[in-house]
């Protein structure tokens, strides 16, 4: 005797139809989010410099990595370029927010910093003018940033920072530490903000490393702990004689210890000591 399956109730049919509709909407939403992430990644990578400037006795290297989960593509950047007086300008920063808009805003800041640096080579003034420019466009976004100038004639680094995380230094004799310079507010918050400049003369071979907070901070990792870890990595790599590109790769691995919930960038300047004759 053949048993017949009892007819489905209309409520069951309605439930299945609702589940099908919700599944389709979820799939569409996931595909839209994936498209937004892919667009943000493309914007991010296209806006980062293809090459970085270098000079005899100065190597440069950098890395960028999106967030591990692919949903927090943001506005981390690094940049390097020649300035009108023959010095080199470097910047690294992090735009508030994680979206296509943040990635696009990052590109505007990079262009703005380069434009301002054609009129002034002082890092503090570069940040101050860029800040006023960003405030004037009223985008309701802000960015932290460190701007660094390398003077090859005096073998000097000049730096200023706008609410950004500290940089890290190391010397070939094993010394290392984090740079706790005074800074100003992030860019884009308050007009007329000033940014103190710190001057360092490079007297021996070593490394100077700029980074973003995705490398040193996470849900369970305080910024002090992450910064100490990166400082040890930079110190060990410099002592071992790692080049700029190799050292950038090693430092980027520190993001694994923060659970990589944010995108991250690192910029490494690997320098020799000043020329024997005192000239750049």
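No value in this document is a laboratory result; all are computed from the given coordinates. Bear in mind that the values here come from a model prediction, so they are computed numbers and not experimental data. We place every Cβ from the backbone using ideal geometry, glycine too, and count neighbours over all the protein chains shown.
What to note about this one:
- Take the Cα of residue 122, go 7 Å toward its beta carbon, and the backbone nitrogen atoms of segment 192-236 under 11 Å from that spot belong to 195-197.
- Computed over segment 36-271, relative contact order equals 25 percent, with contacts defined as Cα pairs under 8 Å that lie 6+ residues apart.
- If R0 is 35 Å, the Cβ-Cβ spacing of residue 82 and residue 220 corresponds to a FRET efficiency of close to 0.25.
- One Cα centroid belongs to segment 131-162, the other to segment 114-130; the line between them spans 7 Å.
- Descending semi-axes in Å of segment 36-271, equivalent ellipsoid built from Cα gyration tensor: 24, 22, 16
- Each label was represented as a point 7 Å from its Cα along the Cα-to-Cβ direction; for residue 257 and residue 182 these points are 3.2 nm apart.
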